[in-house]
Amino acid sequence: MAITIKSAREIELMKEAGRILEIVHEELGKALHPGMSTKDIDRLGEEVIRSYGCTPSFLNYNGYPASICVSVNEEVVHGIPDKRRILKEGDIVSLDAGVIFKGYHSDAARTHGIGRISKEAEELIKVTRECFFEGIKFAKEGNHLFDISAAIDSHATKHGYGVVRDLCGHGIGTSLHESPQIPNYKVDRRGVKLKAGMTLAIEPMINIGTWEVNWLEDEWTVVSRDHSLSAHYENTVLITDGEPVLLTLTDNTSYTL
Ligand code: MF3
Ligand code: CO
């Protein structure tokens, strides 16, 4: 499938989808506390998404049974919310969510610490976020797609972390997953040339230990093979002929690099 170039009208709708998802993440981030179940997070997320007239795009996607992917500690992505899974101080939790607004998707993920977390966990979350920002330095018309991949890889590798290879970022628009696939690891080619109007979900998934993963028996939850902690950070990004526009992160006070 060819990579879609969004029109001005489509970009407006994607901005709206992105802004709503940003608010969903802000609400979820504020609500997290020890003693809460991963199902509580899903319920709140779905409620906020629907309160903006959006649909949760993950719900029933290939049979996925929830609105928010909640992945704790060694879980990389696609953790299934469960009322018996209770968050405790020191856990780290990756929240991945998508919304559909008037037919247009946005997709974003954040990793949070619950209460006080270890220095190692803190550092992993910080570096995973930095990987995204290193990557998007290349997210500009005229550059090549895999320049983004290489930048993410080199930042993670510099810290001795494992870059998950089994899952990638992706184009996004009227579908959650569009062309192209965006690896978070270095590949031997430069990839397609980026053009203004492309919208990409860029999403490093980084493990403290090995990059290798396993799938649990629920057929969804991806875990690091050595059970080391894993973090995930994702935004939906609009390519322009200048700086990239972060559709799911418009509030620049909500992050520091
Ligand atoms: N958030 C994932 C992605 O970024 C997709 C999750 S699909 C689901 O591509 F089915 F697990 F929800
Ligand atoms: Co995604």
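Normalised by 2.2 N^0.38 Å, where N counts its residues, the alpha-carbon radius of gyration of segment 1-94 equals 1.22. Simple point charges give the picture: +1 on the Cβ of Lys and Arg, -1 on the Cβ of Asp and Glu, and for segment 87-213 a dipole about the Cα centre of about 380 debye. Using a cutoff of 8 angstrom between alpha carbon atoms and counting only pairs six or more residues apart, the relative contact order for segment 1-68 works out to 24 percent.
In the frame of its principal axes, the chain has Cα extents of 47, 42, 36 Å, reported largest first. From the Cα gyration tensor of segment 62-182, with a ≥ b ≥ c the square roots of its eigenvalues, which class applies: rounded if a/c is under 1.5, or else prolate if a/b is larger than b/c, or else oblate? Taking the square roots of the gyration eigenvalues as a ≥ b ≥ c, segment 62-182 is oblate. Between Glu243 and Lys119, the contour length at 0.36 nm per residue exceeds the Cα-Cα span by 41.4 nm. Here the spin labels are modelled as points 7 Å beyond Cα on the Cα-Cβ line, and at Tyr61 and Arg225 they lie 2.6 nm apart. Note on segment 171-234: Cα-only Rg and Dmax are 14.5, 41 Å.
Using C-alpha pairs below 8 Å separated by at least 6 residues, the relative contact order for segment 78-186 is 22 percent.
For the chain, the relative contact order works out to 23 percent when only alpha carbon pairs closer than 8 Å and six or more residues apart are counted. Taking label points 7 Å from Cα along the Cα-to-Cβ direction, Glu47 and Lys193 give a separation of 5.1 nm.
Label positions at Ser179 and Glu27, each projected 7 Å from the Cα along the C-beta direction, are separated by 3.6 nm.
Computed from backbone phi with θ = phi - 60° and the Karplus coefficients 6.51, -1.76 and 1.60, the 3J(HN,Hα) list for segment 154-171 is 5, 5, 5, 5, 4, 8, x, 8, x, 9, 4, 10, 7, 10, 10, x, 6, x Hz; x is used for glycine and proline.
Since every read-out is calculated from the coordinates, none of them should be taken as a lab result. All figures in this text were calculated on a predicted structure; none of them were measured in a lab. Positions of Cβ are generated from backbone atoms using ideal geometry, with glycine treated the same way; all protein chains shown enter the neighbour counts.
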